[in-house]
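Encoded as structure tokens, the structure appears first; notes follow it.
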Amino acid sequence: MKRKDAAPLSSILDAFLESLRIPHVAFLVSLRKRWPEIAGPLVSRNAIPLSLRNGVLTVVVRNHAWAQELRMSKTTMIGGIRETVGERIPVSDIRFTVGSLASAEEAEGPPREEHPLPAVPDPEGLSAVADPETRASLRALHRRSRPPKENPSKS
């Protein structure tokens, strides 16, 4: 028996995350899920979206050669993001940074016991997400997307 007022989680996830004031987390989750479709299989094995701040998407790449190659196709990649994921959160620029793809992929999985994420309270309502993988992904994205704390001594 189907409830008439039942809705798939994906249709209400954006509203839920926006109520937590973290709509960009839903965007990043969607972007990472569809990254192979956006960037292609070769690029997606060598570059992973990491964070989004003020419309600038940071993508971790395997080496400097990949960074240079992808800088030249930035406009095309932004267009692909808009077509595939939409313009709910506009991406105006992409910054490529060389780093370990393994550490970028860790943000998708549950946090390790031996290397816990920085102590930041979970967003309200996150404990209600039943799927542990989704909950861990949302937790990691939320923690990575928090703005750095300002240094009060520089006032």
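The values are calculated or read from the model by the stated rules, or taken from the named source; none is laboratory data. Because the structure is a prediction, the values reported are computed rather than measured. With ideal geometry, Cβ positions are generated from the backbone for all residues, glycine too; neighbour counts draw on all protein chains shown. Note: accessible area is taken over every heavy atom of the protein model, side chains too, but ligands, DNA and RNA are not part of it. Shrake-Rupley method; radii C 1.70, N 1.55, O 1.52, S 1.80 Å.
Summary table below
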| quantity | calculated |
| --- | --- |
| Listed residues Thr58, Thr134 arranged by accessible area, highest first, probe 1.4 Å | Thr134, Thr58 |
| Heavy-atom SASA rank of Leu50, Leu126 (probe 1.4 Å, accessible area, largest first) | Leu50, Leu126 |
| Cleavage-rule hits, GluC sites (Glu not before Pro), the range 32-89, DSSP coil, Cβ neighbours within 10 Å at most 14 | Glu87 |
